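Below: the structure, in structure tokens.
The values are calculated or read from the model by the stated rules, or taken from the named source; none is laboratory data. Being a predicted model, the structure only gives us computed values, none of them experimental. Glycine gets a Cβ as well: all are built from the backbone with ideal geometry, and neighbour counts include every protein chain shown. Remember, those area values only see protein heavy atoms, side chains included, never the ligands or the DNA or RNA. Shrake-Rupley method; radii C 1.70, N 1.55, O 1.52, S 1.80 Å.
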Amino acid sequence: MNIKIKVLPEARAQLQPLQDLQDPETNKVLDEAVKEAVRVDGDRVLDRFEAEAIRSAFQAVAPQGGPLSSAQAGEVRSAISVRLGELKSARVNATEVIFTSEGQALEKFRAKIVGSMQEVIQKANGRKVDINMMVFAFTDKVMADAIVQMAKQNPNVNFRLLTDWGQMASSGDRQPSRLAKLAEREGITNLHIKFKKDNPYTWDSHLGRPMYSHTGTQGLNHHKGFVALIDGEPQKMTMGSFNWSQGGMESNYENLMLLDRADPDNRPIMDGYQKEFEGFWNNDEAALNLGEAEREKERIYKALHEANGRPYTPRTITSVDPADPQYASQPNGKRVDINSFSDADTQRLSSVVGESITRDIQKELREYGRFDSWTELLTRVPKLAAAETWMREQLMGSLEYGEGGLSVNTANEQELRRAGLSSNRAKALVEFRSTHGAFESLEELDAVRGIAKGTIEKLREVATDDENMGLYSARVPGQAATTGYAEVNRGKVNVPTAGRSEAHESLPTTNVPTNRVTQEEVDRTLAAPVMDLLRRAAPGQTFRMAMYGMSTSSPEFQELKRAAERGVKIRVVIFKDYNEGAISTLKAMKTQGLEVDTRVISNRVMHQKFGVCGDDVFNGSANWSSSSITKHSEDRFYFRNMPDLSQRFVEEFARLWERGNEPR
């Protein structure tokens, strides 16, 4: 299929001197370079920066101009590829992951967390910023001091940290209680700390006093990340297996993921995480400030002493309770992603420039791809450039330039029509997806009535097959577990029906596997993405997993066994401590003839909690245990159809596999 290319006037001016050489070899190299360059930033438009890269690479090899020899032509091609690669690498990586196994973790992990916060503060340029953290263990003083410094220097930024009850003590370099007392002592009014309410204490008859018991917890706050917002809109988010500790960086196998709103597929995860934070923070039965937490601990200690016939000497509590109004992010709803076909962005755009100019903008978006700057937008849409000044100024102040790409796995009918599908095809696509589940590739669209290869190729220029989601567990002490403190994170999700195989009835297509013919509705628990990933796996496909803690009674492990029995190859790296039962069961599965191979790691803490199969990945804070679902406050994130990301996890798995040993 021929791809339409647009060369902007500024780009044409850059390349004109080279075209004036009238050298066939030069013109051939330039044509190839333009086709390569227009893909650098996700569109089919050659802009000034891309043209400058081509021209400078050419002049570096042939400063005197043409004609080019064959050898020089090869050098120019190589030089242009290098320069365009530099342009591409300079763009925001909207979904990335780093691993401690790659080295220099102390510098990289700190820089990624603190640096991301600083980037958002700088981008806000004085506007309201919220940095909302949910972290199980926070002992790294360097990061804590950086947060204090940012809070002091930026009164427009509110830092909120929601941590675990176990972080209330000041021993072991625990930073949350230190930060709370520091903020109180120094009057830092934009730094707020809360602790998840818990009662993990048992009476030690030998010592004659209460003792902390990890197994006695009523639910940990096990999250490990933050989300940063400008004017109520999430901008960046981190999560993964990593607790904020120097030991985790230096002594453990960990991962840290960073999401940026530049990728529209990340926004549902970021919005859901923010809503979960709000629901958790505002729940007075689950989240306590330091003064409240100290008094609750005092009550528990006193009750334990009385129950065991021991006198109790009350401690002096000096912490005060700061004002604690309900927190809501309150996005202003004025931002417009100019590269989006979504209902919300289309409505906001139309409210500023009207329906006619909106149609012109989206037509240009369909034909030539995303806009990269305000200047480029005006150049490509003359009607907007000719609009009244007030209209252009209002739009310019509210624009953002996302990566573009409408997901066929989440778009509704109206959005698919804006992307170029007819009404009938858009309706058929949504109906097919509802019945058979998410598409794993655009090629699978051939199963949809009326969508043939030509339509798929055309749609490929504006659509993706990505789908990201976040899932949660939550439990207020004394109450039943839920799938999130926020209502939006509760409910049901669809996964492929259990027990389907290649022998099942097939669809009228070669591209949709038969194990995804039907769907079933399940609770939106942490197990749901694992069920989806493993049920989608075909016999002979390999599922790789690295897990810190694994219980054979967990729903995830039961799903693993069923996948292995269907012929899915299972490869597991597991931490040796605490996992004797799981290791023994995995060995037994191999003995029974299933393709299950295991490596155990004992020389370092293997704290990873991810799985990868094909182009799909899950990652987050949760282990494979029933308590992760029924007791703790956890997260797990699912990234579907993302080959670059999945490859990063495959590479990490390979490193861990090499460093592990076969279980004895």
## Note on the structure
Over region 41-65, the set of residues outside any helix (DSSP H, G or I) and open to solvent by less than 30 Å² (accessible area, probe 1.4 Å) is Asp41, Asp43, Arg44, Val45, Leu46, Asp47, Ala62, Gly65
### Message
Quick check on this structure: which one of Met531, Met545 is open to solvent by 10 Å² or more (accessible area, probe 1.4 Å), of a type outside the set (Lys, Arg), at negative phi and under 23 Å from the mean Cα position of the chain (by Cα)?
### Response
Met531
### Query
What are the pairs, 6+ residues apart or on separate chains, where a residue within region 339-352 that is among the charged types (D, E, K, R) has its Cβ under 8 Å from a residue that is assigned to a helix (DSSP H, G or I)?
Asp343/Gln414; Asp343/Glu415
### Summary
Met211 passes all but one of the listed conditions (1) out of contact with any Asp or Glu (no Cβ under 7 Å at 6 or more places or on another chain); (2) free of Cβ contacts under 8 Å to residues at least 60 places away in the same chain; the exception is number (1)
### Task
Tell me which residues, restricted to region 285-314, are open to solvent by 30 Å² or more (accessible area, probe 1.4 Å), in contact (Cβ under 8 Å) with a residue 12 or more places away in the chain and in contact with a helix residue (DSSP H, G or I) (Cβ under 8 Å, 6 or more places away or on another chain).
Pro314
### Query
Taking region 83-119 as the region of interest, how many residues are open to solvent by 30 Å² or more (accessible area, probe 1.4 Å), polar (S, T, N, Q), at pLDDT 95 or above and assigned to a helix (DSSP H, G or I)?
1
### Message
On the basis of being open to solvent by less than 30 Å² (accessible area, probe 1.4 Å), touching a Leu at 6+ places or on another chain (Cβ under 8 Å) and more than 15 Å from Tyr253 (Cα to Cα), does Ile583 make the cut?
### Response
no
### Message
Regarding region 370-387, can at least one residue be identified that is among the hydroxyl-bearing types (Ser, Thr, Tyr) and out of contact with any Pro (no Cβ under 9 Å at 6 or more places or on another chain)?
### Response
yes
### Query
Inside region 330-374, can you point out the residues that are part of a helix (DSSP H, G or I) and of a type in the set (D, E, K, R)?
Asp343, Asp345, Arg348, Glu355, Arg359, Asp360, Lys363, Glu364, Arg366, Glu367
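Yes or no, residue by residue, for (1) open to solvent by less than 30 Å² (accessible area, probe 1.4 Å); (2) aliphatic (A, V, I, L, M); (3) modelled with pLDDT under 95:
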site: Glu250; (1), (2), (3): no, no, no
site: Asn255; (1), (2), (3): yes, no, no
site: Leu258; (1), (2), (3): yes, yes, no
site: Ile269; (1), (2), (3): yes, yes, no
site: Tyr273; (1), (2), (3): yes, no, no
site: Phe277; (1), (2), (3): yes, no, no
site: Asn282; (1), (2), (3): no, no, no
### Query
Say we look at region 120-174 and pick out the residues that are among the polar types (S, T, N, Q) and assigned to a helix (DSSP H, G or I); which of these is least open to solvent (accessible area, probe 1.4 Å)?
Gln167
### Summary
Log entry, pairs with first residue in region 583-609 being β-branched (Val, Ile, Thr), second being open to solvent by less than 40 Å² (accessible area, probe 1.4 Å) and assigned to a helix (DSSP H, G or I), beta carbons closer than 6 Å, six or more apart or on different chains, reads Val596/Ala564; Val596/Leu586; Val596/Met589; Thr598/Leu586
### Query
In the set Gln330, Gln326, which member is out of contact with any strand residue (DSSP E or B) (no Cβ under 8 Å at 6 or more places or on another chain), surrounded by fewer than 13 Cβ atoms within 10 Å (Cβ to Cβ), at pLDDT below 95 and more than 23 Å from Lys197 (Cα to Cα)?
Gln330
### Query
If we scan region 514-524, do we find a residue that is in contact with a Lys or Arg (Cβ under 9 Å, 6 or more places away or on another chain), at pLDDT 90 or above and either closer than 30 Å to Lys363 by Cα or surrounded by 18 or more Cβ atoms within 10 Å (Cβ to Cβ) (or both)?
yes
#### Entry: Leading residue by the ranking (surrounded by the fewest Cβ atoms within 10 Å (Cβ to Cβ)) among those in region 645-663 that are free of Cβ contacts under 8 Å to residues at least 60 places away in the same chain and under 17 Å from the mean Cα position of the chain (by Cα)
Gln647
### Query
What is the residue count in region 192-244 for residues that are part of a strand (DSSP E or B) and either out of contact with any Leu (no Cβ under 9 Å at 6 or more places or on another chain) or within 25 Å of Asn289 (Cβ to Cβ) (or both)?
24
## Note on the structure
Taking first residues from region 431-443 that are within 13 Å of Glu520 (Cα to Cα) and second residues anywhere that are of a type in the set (Lys, Arg), the pairs with Cβ under 7 Å that are 6 or more apart or on different chains are His436/Arg516; Gly437/Arg516; Ala438/Arg640
